[in-house]
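A short worksheet on the structure shown next.
The values are calculated or read from the model by the stated rules, or taken from the named source; none is laboratory data. Owing to the predicted nature of the structure, the values given are computational and were not obtained by experimental measurement. No Cβ is skipped: glycine too gets one built from the backbone with ideal geometry, and neighbour counts run over all protein chains shown. Quick note on the areas: whole protein, heavy atoms, side chains included, nothing else; ligands and nucleic acids left out. Shrake-Rupley method; radii C 1.70, N 1.55, O 1.52, S 1.80 Å.
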Amino acid sequence: MMELDKVTTPTLVVVSVSLLTALWFWSLRRPSAKFPPGPRGWPIIGNVMDFVGQGPHHLFMTLAEKYGDVFSVKIGSNWNVILNGSDTIKEAFLKYAVEFAGRPLTTSVEYITEGGKDIAFAPYSATWKLHRKLTYSAFRNLATGDNERFERLVFTMTERVGKILESKGDEAFDPKHIVSLAVYNFTAQMVFGKQYELDDPDLLEWQSLSQEGVEAIGNGLMADFFPVLRHIPTPGMKTLKNLVDRFFKLVNKELDSHKQSYNPRDEPKDFIEMLYHTRQTMIDEGEEGIDQISEVHIRQTVMDVFSAGTDTSIFTMHWAIALMVDYPEVQEKVQKEIDEVIGRERNPKMDDRGSLPYTECALYEVFRYSSIAPLALPHATTKDVTFRGYHIPKGTCVMPNIYSMHFDKKLWGDPENFRPEHFMDETGTMRQHPDGFLPFSTGRRVCLGESVAKAELFLIFTWLFQNFTFRKPAGKEGEIYSNVDKTALSPLLKTYEILVSKRE
Ligand code: HEM
């Protein structure tokens, strides 16, 4: 063995450089020989620097031009496979449905979901399947399977929202707070069977949890990208714990009062009671394993509905109003159609779907143009999979670039233009499922609230433009409100101001 005191400086330099070079190559080593190609990254941080100055969905569209529709990037110490374009995403999520149905369990997700006991981030497993089935049945029994009940859920809050809008007079305001009130009240009515006043402390707490959550941990914690840091108490982890504690407090309060008042012999009044009721029915019908859906699972379901179901709808409606003031001619056409088909004497109904093609196309175009979930949620491979000749090992994070299909020139012609006609065929009939349109994703992990969201947003959107006209205040006419900073992580709009008038 070499004696240490005889080691010369040049030897030390050679050994150190060799070690560093080995570490460099080791850290950039791809997970398998046939792993999808991608840009060369830096040791330790991977491709993180490539994201500076552009949103990931934009970066991924550019990288797809060079590396193809299936490529890889390294973020921190995690390898990710990116899927671009309609054919690729559909082939992966429909033909290899089980292989791509997992979720990566990062440090923050593990903490928030109490070890993956929710639906949205749970690993692909028998428990997740049962949990999803239970929740889907509860939604159907409570809301989407009963049009009149669903309409009542939505229209209990419109009177309050209408009064606030009418009180605005000549005041210019950002509608986000009111949209948020409408969506939270719909969700609270559906899940808890209650309504909030504009200044209710619980409503304000929900809103600030959402805002603080996006700001503080929207991009994840360091430990999510460098799992070796998971046991180090960082400030990010402290913030996360505080947010989760507050979230639990709000949900537990409602669960406790439901446990007191729930009577299995009564007709379920809201989503929590419906979950209890449906779980009991499934047990009585001999559904195996459903009794394993515990109180923690139920708490996590409520958390999922509030986290996956509120901001998504709020952002979509915020976009919808911005687009309708940017394109007043579309707003006018929507209003004309609503006047002709529904008039002003009654509220819109679920059955009006199918009779309002232009209005529905306008709403679908809002879904496409806003693409508020441009990368859906991250998936993970549940087993080793060979896809389009590439070998992707089990447990690899996979991101579908939904934005790339919504803005594919080959499919839409002029995707950068907002045009409800993108959803119409030559006869003026609505194209419900055009190729390249998946705002709710597809496959095993498709959005569980898709039918709730579509019905809720159809009723709110139609009611809003049936009763109100929105426009830009003087001096702002030249501003584009539906304009997203291309560097943004997700396409959220900046604050904007509008005027509203009641339609006479
Ligand atoms: C405009 C409104 C909405 C949009 C655009 C949207 C979109 C999405 C997307 C893209 C995903 C990920 C799918 C994937 O991983 O491939 C998702 C998942 C999910 N969404 Fe939605 N969503 C909306 C509203 C809602 C609502 C209202 C609810 C509940 C009432 C909801 C509940 C969920 C749940 C539970 C999941 C996880 C599904 C699973 O992993 O099995 N979403 N959503």
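How many residues does segment 42-97 hold that are under 28 Å from Val228 (Cα atoms), surrounded by fewer than 19 Cβ atoms within 10 Å (Cβ to Cβ) and among the aliphatic types (A, V, I, L, M)?
Looking only at that region, the number is 5.
Report, by residue number, each residue of segment 225-261 that is under 19 Å from His297 (Cα atoms) and of a type in the set (Gly, Ala, Ser).
Ser257, the sole residue that qualifies.
I'm told Val366 meets every condition in (1) part of a helix (DSSP H, G or I); (2) away from the ligand (no atom under 11 Å from the Cβ) except one. Can you identify the failing condition by its number?
Exception for Val366: condition (2).
Report, by residue number, each residue of segment 124-134 that is farther than 15 Å from Gly443 by Cα and within 10 Å of the ligand (Cβ to nearest atom).
His131
With respect to Gly115, determine if the residue is closer than 30 Å to Ser77 by Cβ and touching a Pro at 6+ places or on another chain (Cβ under 8 Å). Quick ask: steps written out before the conclusion?
Details: closer than 30 Å to Ser77 by Cβ: yes; touching a Pro at 6+ places or on another chain (Cβ under 8 Å): no.
The answer is no for Gly115.
Just to check your reading of the model, which residue among Ser108, Ser180 is away from the ligand (no atom under 13 Å from the Cβ), of a type in the set (S, T, N, Q) and either at pLDDT 90 or above or in a loop (DSSP other than H, G, I, E, B) (or both)?
Values: Ser108 fails: either at pLDDT 90 or above or in a loop (DSSP other than H, G, I, E, B) (or both).
It is Ser180.
Being within 15 Å of the ligand (Cβ to nearest atom), at pLDDT 95 or above and surrounded by 19 or more Cβ atoms within 10 Å (Cβ to Cβ) is true for just one of Ile293, Ile298, Ile321. Which residue is that? Quick ask: steps written out before the conclusion?
Working: Ile293 fails: at pLDDT 95 or above; Ile298 fails: at pLDDT 95 or above.
It is Ile321.
Do we have Ala97 as more than 26 Å from Phe247 (Cα to Cα) and modelled with pLDDT of 90 or more here?
Details: more than 26 Å from Phe247 (Cα to Cα): yes; modelled with pLDDT of 90 or more: yes.
Taking the combined requirement at face value, the residue satisfies it.
For Thr462, all conditions in the list (1) of a type in the set (Val, Ile, Thr); (2) at pLDDT below 95; (3) closer than 30 Å to Phe155 by Cβ hold save one; what is the number of the exception?
(2)
What do you reckon, is Gln195 over 19 Å from the mean Cα position of the chain (by Cα), open to solvent by less than 60 Å² (accessible area, probe 1.4 Å) and either closer than 16 Å to Ile112 by Cα or within 16 Å of the ligand (Cβ to nearest atom) (or both)? Even if it seems obvious, please write down each step before you answer.
On the way: over 19 Å from the mean Cα position of the chain (by Cα): yes; open to solvent by less than 60 Å² (accessible area, probe 1.4 Å): yes; either closer than 16 Å to Ile112 by Cα or within 16 Å of the ligand (Cβ to nearest atom) (or both): no.
The answer is no for Gln195.
Please go through (1) within 16 Å of the ligand (Cβ to nearest atom); (2) under 30 Å from Ala188 (Cα atoms); (3) open to solvent by 20 Å² or more (accessible area, probe 1.4 Å); (4) not charged (D, E, K, R) for Thr495 and return the number of the only condition it doesn't satisfy.
Going through the list (1) within 16 Å of the ligand (Cβ to nearest atom); (2) under 30 Å from Ala188 (Cα atoms); (3) open to solvent by 20 Å² or more (accessible area, probe 1.4 Å); (4) not charged (D, E, K, R), Thr495 breaks only (1).
Identify, please: which residue in segment 309-318 is open to solvent by 10 Å² or more (accessible area, probe 1.4 Å) and either more than 7 Å from the ligand (Cβ to nearest atom) or of a type in the set (Gly, Ala, Ser) (or both) and is, among those, nearest to Leu165 (Cα to Cα)? Please lay out each step first, then the result.
We begin by selecting, within segment 309-318, every residue open to solvent by 10 Å² or more (accessible area, probe 1.4 Å); these are 309, 311-312, 315.
Next, only the ones that are either more than 7 Å from the ligand (Cβ to nearest atom) or of a type in the set (Gly, Ala, Ser) (or both) stay: 309, 311, 315.
Numbers: Gly309: 23, Asp311: 21, Phe315: 18 Å.
The selected residue is Phe315.
Table: residues versus (1) touching a residue at least 60 places away in the same chain (Cβ under 8 Å); (2) open to solvent by 60 Å² or more (accessible area, probe 1.4 Å); (3) over 30 Å from Lys494 (Cβ atoms).
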| site | (1), (2), (3) |
| --- | --- |
| Val330 | yes, no, no |
| Arg353 | yes, yes, yes |
| Ser370 | yes, no, no |
| Thr381 | yes, no, yes |
| Ile392 | yes, no, yes |
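From the list Ser501, Ser441, Ser404, which residue is open to solvent by 30 Å² or more (accessible area, probe 1.4 Å) and of a type in the set (Ser, Thr, Tyr)? Please lay out each step first, then the result.
Working: Ser441 fails: open to solvent by 30 Å² or more (accessible area, probe 1.4 Å); Ser404 fails: open to solvent by 30 Å² or more (accessible area, probe 1.4 Å).
Checking each option against the conditions leaves just Ser501.
Starting from segment 299-324, take each residue that is within 17 Å of Trp463 (Cα to Cα) and among the aromatic types (Phe, Trp, Tyr) and list its partners that are more than 10 Å from the ligand (Cβ to nearest atom) and open to solvent by less than 30 Å² (accessible area, probe 1.4 Å), counting only C-beta distances under 8 angstrom and pairs at least six apart or across chains.
Close Cβ pairs satisfying both conditions: Trp319/Ser482; Trp319/Leu493.
So which residues in segment 425-452 are among the aliphatic types (A, V, I, L, M), more than 7 Å from the ligand (Cβ to nearest atom) and modelled with pLDDT of 95 or more?
Going residue by residue through segment 425-452, those that are among the aliphatic types (A, V, I, L, M) are 430, 438, 446, 448, 452.
From the residues that got through so far, the ones that are more than 7 Å from the ligand (Cβ to nearest atom) too are 430, 438.
Listed by number, the list holds a single entry, Leu438.
Does Pro123 count as in contact (Cβ under 8 Å) with a residue 12 or more places away in the chain, under 28 Å from Pro233 (Cα atoms), in contact with a Cys (Cβ under 6 Å, 6 or more places away or on another chain) and in a loop (DSSP other than H, G, I, E, B)?
On the way: in contact (Cβ under 8 Å) with a residue 12 or more places away in the chain: yes; under 28 Å from Pro233 (Cα atoms): yes; in contact with a Cys (Cβ under 6 Å, 6 or more places away or on another chain): no; in a loop (DSSP other than H, G, I, E, B): yes.
When the stated conditions are applied, Pro123 does not pass them.
Got at least one residue in segment 151-169 being under 30 Å from Gly289 (Cβ atoms), more than 14 Å from the ligand (Cβ to nearest atom) and of a type in the set (Asp, Glu)?
There is no residue in segment 151-169 that is under 30 Å from Gly289 (Cβ atoms), more than 14 Å from the ligand (Cβ to nearest atom) and of a type in the set (Asp, Glu).
Among the listed residues Lys476, Lys454, Lys472, which satisfies the condition of being closer than 30 Å to Ala138 by Cβ and either of a type in the set (Lys, Arg) or open to solvent by less than 30 Å² (accessible area, probe 1.4 Å) (or both)? So that I can check it myself, show each step before the final result.
Details: Lys476 fails: closer than 30 Å to Ala138 by Cβ; Lys472 fails: closer than 30 Å to Ala138 by Cβ.
Exactly one of Lys476, Lys454, Lys472 is closer than 30 Å to Ala138 by Cβ and either of a type in the set (Lys, Arg) or open to solvent by less than 30 Å² (accessible area, probe 1.4 Å) (or both), namely Lys454.
Of the residues Val161, Val154, only one is under 17 Å from Asp270 (Cβ atoms) and touching a helix residue (DSSP H, G or I) at 6+ places or on another chain (Cβ under 6 Å); which? Can you show your working first?
Details: Val161 fails: under 17 Å from Asp270 (Cβ atoms).
Step by step, each of Val161, Val154 is checked, and only Val154 is under 17 Å from Asp270 (Cβ atoms) and touching a helix residue (DSSP H, G or I) at 6+ places or on another chain (Cβ under 6 Å).
Considering segment 38-72 alone, what residues qualify as being closer than 20 Å to His379 by Cβ and over 22 Å from the mean Cα position of the chain (by Cα)? Reasoning before the result, please.
Of segment 38-72, the ones closer than 20 Å to His379 by Cβ are 38, 46-47, 51, 55-57, 59-61, 63-64, 67-72.
Scanning segment 38-72 gives Gly38, Gly46, Asn47, Leu63, Ala64, Tyr67, Gly68, Asp69, Val70, Phe71, Ser72.
Here is a list: Pro393, Pro473, Pro415. Which entry is more than 16 Å from the ligand (Cβ to nearest atom) and within 30 Å of Lys163 (Cβ to Cβ)? Lay out the reasoning, then the answer.
Numbers: Pro393 fails: within 30 Å of Lys163 (Cβ to Cβ); Pro415 fails: within 30 Å of Lys163 (Cβ to Cβ).
Testing whether each residue is more than 16 Å from the ligand (Cβ to nearest atom) and within 30 Å of Lys163 (Cβ to Cβ) leaves just Pro473.
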